[in-house]
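Okay, structure first, notes after.
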Amino acid sequence: MLNVSIYRYNPEVDDEPYMQDYQVDTQGKDVMVLDVLEKLKAEDPSLTFRRSCREGVCGSDGVNISGKNGLACITPLSEAVKGNKLVIRPLPGLPVIRDLVIDMSQFYAQYEKIQPYMINNSPAPAIERLQSPEERAKLDGLYECILCACCSTACPSFWWNPDKFIGPSGLLQAYRFLADSRDTATEERLAKLDDPFSVFRCHGIMNCVQVCPKGLNPTKAIGHIRSMLIRSAT
Amino acid sequence: MANIRTMSFDAVIVGGGGSGMRAALQLAQSGYKTAVITKVFPTRSHTVSAQGGITCAIASDDPNDQWQWHMYDTIKGSDYIGDQEAIEYMCQTGPEAIFELEHMGLPFSRTEEGRIYQRPFGGQSKEFGEGGQAARTCAAADRTGHALLHTLYQGNLKNQTTFLNEWYAVDIVKNADNAVVGVVAIDIETGETVYVKSKATVFATGGAGRIYASTTNAHICTGDGVGMALRAGFPVQDIEMWQFHPTGIHGAGTLVTEGCRGEGGYLVNKDGERFMERYAPNAKDLAGRDVVARSMVLEILEGRGCGPDGDHVYLKLDHLGEETLNAKLPGILELSRTFAHADPVVEPIPVVPTCHYMMGGIPTNVDGQALTVDKDGNDQIIEGFYACGEAACVSVHGANRLGGNSLLDLVVFGRASGMFIEKQLREGINLKDASEEDIERAMSGLNRINNSENGEKASVLRAELQTIMQNYFGVFRRGDFMKEGIEKLKALRPRIENVVLEDKSNAFNTARIEALELQNLFATAEATAIAAEGRTESRGAHAREDFQDRDDENWLCHSIFYPESKTLGKRGVNFNLKTREAFAPKVRTY
């Protein structure tokens, strides 16, 4: 039997959060953490978490698993269990709505701040805008972000200034548009990021890189933005 | 007294996936007060899981490609019950819709010429089936759905669409004229129930793959739109037509794109034989999905399956080389390593046909207007009600959808619905207000669950439902088995209606949502079962052992399931092409 300890909090019932212990029979199988959560919810429907695709592409089930942020659906027990114990908590740093469900408004607000859409005011051609494979390759490692918030909620700078520091996820997306050969708003985008907090609160801690379930590297993208900002200032 | 708050909009779209967000974008751009009700944050919608691409004759891979060839392939793929007018519209308008997405920023993969990369997919041909395999599926690596969904969300942010994120639509509100005037919805975070009033209500609620035990579909694909429509007394069309995707990962059910075979991968049985050469000598592994899925099941049933239980076959990719796999199918490498514990660079992926797509749904015309059929067999428009995407049956997929056509369907018809509603709003829509009783009626299902006391748990009932559907309504079907399945569903119905909600709290109560979703799963499953038993022929994805041939004399038509009588009717297939003569049904071989 696997010992599972889960963060519980229902604002209508509980004065404060607590850890609830469960025992789960996994029949020795190396299932995913989400499978364990689903099994427990079948028994205790009040247990609350988000989930959708169950294959690591929708970004719903970011949680803190035995101390590390990750997606429950693609984290196998073999990576998550320490000493026959699995500890599941909500992603840190954002308000908890209930159990493992956090209020992500601040995270989304930072995403919206970077104008996460193509800006190109020249008249569109009758077909697609051409882009070479090399130009397109610059978007690899950027466009794949699933907005799960594992990175930003693992970032001490984001914990400290979630309202002013864009955070690793938002900055990765900022660079996705800065790096796109089809986007023409580079100067405008850089100007909006040019303050002491938006980008420069990143201290290169690199927790974001360590936890990203898609293997992306926000720190590298932030480095590119810094270089662009410095270059545009000189 | 329906003592709830009312929110009013010009248009409300239920569902924040590809078709919903495409419709919303159109309406937001037009300046009408538009809201999207979505039970998950939009980028968590199931469109995100689409991998291989979006099929469209943009003439990048082949400068001479023609949308008419795509139209022919789609009609043949549908086994001739796709509506030809709708297919013509989709294939002809497609390129415009794709270029709009590209201009919006969708990061398509590219050719050396800088154009959008296209790969071969199943059922594609040149020159109306005479010119060999085409490569017509536009791709962003193997993450096309992700790229498309995020681009659409971004476009909606740019145009300031109102999103009611993590809201769940419970039921349709109809006025005294039987017109749709909005929905009752729950704000999941607070538990507040609201009447969302609208002049136009668009269902873009996606599929219902979760009626089966083994599915590529996300947990959220629970047929909410179909369930709500049926409860409101509206019919559904061709709901017996379920696509089983040939390559779901054995055990996990997660999808492995048809693009794998498009890039040169192929299926083998336990003897290492490339068995599709026997079943489809020309198209081989790129035959229609229904054909490939049935061939795989036959291999397994005849003892040539792989693994200790001989219950799957292998998808071989290693011969393509690591470089190609990394460039073209990076997501598949990830998924296979995670869920099959197999590295496709060196070993094959264990795969099995897995429930994937609902070809049927709410019948609509090309403008997205939902239809019902009157006593004399004539189409009647349901005022105020629209549908697009997988929830709708427009019908471009007929009895079998071609790979890459679902993304095109949702973009083209999301857009078409938006444009049509915009026009109607400009001309003025006048629907009678709902009365207290009308709203109260739409709350009755929710009230029943909120007042439930001693029923069974949703999880137990859901598992039972999924097992029945898997066992009795799978790839191969038989009348006597299906009758047995229908009896089992009948017995399950009162138990599901009586599901218990133990936790009555309001804050983010997902147990309440699951109990409501279960009602929709059941409604969709029951319609599927009755329609499948009623269609006494084999066509496309509907393969009967007791009626093995296609029967054009009796069944070259849509099935229409009427919820109140639980009976099956027929509706004519549209054979009216605007640009040429219709394609007459032919024997379908690959």
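Each reported figure results from applying straightforward, stated rules to the coordinates on display, with no laboratory input. These numbers come from a predicted model, not from an experiment. Cβ atoms come from the backbone with ideal geometry, glycine included; neighbour counts cover every protein chain shown.
Observations, loosely collected:
- For chain A, complete DSSP H runs whose alpha carbons reach 15 Å or more along their own long axis and whose mean Kyte-Doolittle score is 0.0 or higher are A:33-43, A:167-178, A:218-233.
- Of all DSSP beta bridges confined to the protein assembly as shown, the antiparallel ones make up roughly 70%.
- Convex hull of region B:314-430 built on C-alpha atoms - directionally averaged projected area, nm²: 10.6
- Once the Cα atoms are used to define both axes, helix B:479-497 deviates from the longest principal axis of chain B by about 40 degrees.
- Region A:93-167, Cα convex hull volume normalised per residue, Å³: 134
- Within region B:529-590, trypsin sites (Lys or Arg not before Pro) in DSSP loop having at most 14 other beta-carbon neighbours inside 10 Å: B:LYS566, B:LYS578, B:ARG580, B:LYS586
- The relative contact order of chain B, computed from alpha carbon pairs under 8 Å that lie at least 6 residues apart in sequence, is 22 percent.
- Whole-Hz Karplus values for region B:212-227 come out as 9, 5, 10, 8, 7, 6, 5, 4, 7, 7, 10, x, 4, x, 4, x Hz, taken residue by residue from phi with 6.51 cos²θ - 1.76 cosθ + 1.60 and θ = phi - 60°; glycine and proline positions read x.
- Normalised size of region A:1-51, defined as Cα radius of gyration per 2.2 N^0.38 Å with N residues, equals 1.21.
- With respect to chain B, whose longest principal axis is taken over its alpha-carbon atoms, helix B:289-301 is tilted by about 70°.
- Fewest-first sequence of B:SER78, A:SER46, A:SER66, A:SER227 by Cβ atoms within 10 Å of each Cβ: A:SER227, A:SER46, A:SER66, B:SER78
- 3J(HN,Hα) from dihedral phi, region B:312-319, Karplus parametrisation 6.51/-1.76/1.60, rounded to Hz, x for glycine, proline: 7, 10, 10, 9, 9, 10, 4, 5
- Taking the square roots of five times each eigenvalue of the Cα gyration tensor of region B:450-590, the equivalent ellipsoid has semi-axes of 37, 18, 13 Å, listed largest first.
- Shape category assigned to region B:81-138 from the gyration tensor of Cα positions, a/c cut at 1.5: oblate
- Counting Lys and Arg as +1 and Asp and Glu as -1 over every other residue whose Cβ lies under 11 Å from the Cβ of B:GLN68, the net charge comes to -2.
- Bins of 5 Å, starting at 0 and running to the largest distance - Cα pair percent for region B:542-589: 5, 14, 18, 21, 20, 12, 7, 3
- Each peptide in B:491-502, B:445-456, A:71-82, B:43-54 receives the mean, over its residues, of other Cβ atoms within 10 Å, and ordering these scores from highest gives B:43-54, A:71-82, B:491-502, B:445-456.
- Per residue convex hull volume, Cα atoms of region B:213-324, in Å³: 143
- What the Kirkwood sum gives for region B:478-540 is a hydrodynamic radius of 13.5 Å, with every pair of different alpha carbons counted.
- Region A:1-88: C-alpha gyration tensor shape, a/c 1.5 cut-off, then a/b vs b/c: oblate
- Volume of the convex hull of region B:507-590 (Cα atoms only), normalised per residue: 203 Å³.
- Region B:418-501: C-alpha gyration tensor shape, a/c 1.5 cut-off, then a/b vs b/c: oblate
- Relative contact order (percent, whole number), region A:69-115, Cα cutoff 8 Å, 6+ residue spacing: 20
- Between amide H atoms placed 1.01 Å from N, distances below 5 Å from B:ASP61 occur with B:GLN118, all of them 5 or more places distant or on a separate chain.
- Both radii were evaluated on the Cα set of chain B; the Rg over Rh quotient, with Rh as the Kirkwood radius, amounts to 0.95.
- Computed on region B:390-519, with alpha-carbon pairs under 8 angstrom and 6+ residues apart, the relative contact order is 27 percent.
- Residues in region B:323-329 carry Karplus couplings, in order, of 5, 4, 4, 5, 7, 9, 10 Hz; the curve used is 6.51 cos²θ - 1.76 cosθ + 1.60 with θ = phi - 60°, and Gly or Pro positions show x.
- Per the Debye calculation on region B:300-377 with a single equal scatterer at every Cα and no solvent contribution, log₁₀ I(q)/I(0) for q = 0.12, 0.13, 0.19, 0.27 Å⁻¹ amounts to -0.57, -0.61, -0.85, -1.24.
- Whole-Å distance, taken between Cα centres, linking region A:180-221 and region B:14-45: 28
- Fraction of antiparallel bridges per DSSP, chain A only, in percent to nearest 5: 80
- FRET efficiency for the pair B:SER565 and A:ARG226, taken as 1/(1 + (r/R0)^6) with r the Cβ-Cβ distance and R0 = 60 Å, rounds to 0.35.
- For B:LYS375, a cut-off of 23 angstrom between C-alpha atoms picks up these lysines, skipping any fewer than 8 places away in its own chain: B:LYS174, B:LYS566, B:LYS570.
- Debye equation applied to the C-alpha atoms of the protein assembly as shown, log10 I(q)/I(0) at 0.09, 0.10 Å⁻¹: -0.84, -1.07
- When Rg and the Kirkwood radius Rh are both evaluated on Cα atoms of region B:1-61, their ratio Rg/Rh stands at 1.14.
- In region B:309-390, the trypsin sites (Lys or Arg not before Pro) that fall in loop regions by DSSP, at most 16 other Cβ within 10 Å: B:LYS375
- Over all pairs of different C-alpha atoms in region B:187-265, the reciprocal of the mean inverse distance, the Kirkwood hydrodynamic radius, equals 15.6 Å.
- Spatial extent of region A:179-221: Rg and Dmax, with the Cα atoms as the point set, Å: 12.9, 32
- Region B:385-544: Cα Rg divided by the 2.2 N^0.38 Å rule of thumb: 1.30
- Placed amide H near B:SER109: partners under 5 Å, 5+ positions off or other chain: B:TYR117, B:ALA139, B:ALA140, B:ALA141
- Alpha-carbon Rg with Dmax, taken over region A:38-156, Å: 18.6, 61
- Against the empirical 2.2 N^0.38 Å (N residues), region B:36-140 has a Cα radius of gyration ratio of 1.15.
- Counting DSSP beta bridges with both ends in chain B, the antiparallel % (nearest 5): 65
- A full extension of the chain between B:ASP309 and B:GLU113 corresponds to an added length of 65.7 nm, given 0.36 nm per residue minus the alpha carbon distance.
- On Cα atoms only, tilt of B:405-427 relative to the major axis of chain B in degrees: 30
- Note on chain A: helix-only mean residue ellipticity at 222 nm, from DSSP H runs of 4+ residues weighted -39500 (n - 2.57) and normalised by residue number, equals -9000 deg cm²/dmol.
- Amide H partners (placed H, <5 Å) of A:ILE205, local residues excluded: none
- Put in line by how crowded their Cβ is, counting other Cβ atoms within 10 Å and starting with the fewest, B:ASP83, B:ASP171 read B:ASP171, B:ASP83.
- Coarse-grained scattering of region B:228-287 at q = 0.14, 0.19, 0.20, 0.27 Å⁻¹, given as base-10 log I(q)/I(0) from a Debye sum over alpha-carbon atoms: -0.59, -0.82, -0.87, -1.20
- Above 29 Å, the calculated P(r) of chain A contains 36 percent of its Cα-Cα pairs.
- Approximate spin-label separation A:LYS113-B:GLU456, in nm, with each point projected 7 Å along Cα-to-Cβ: 5.1
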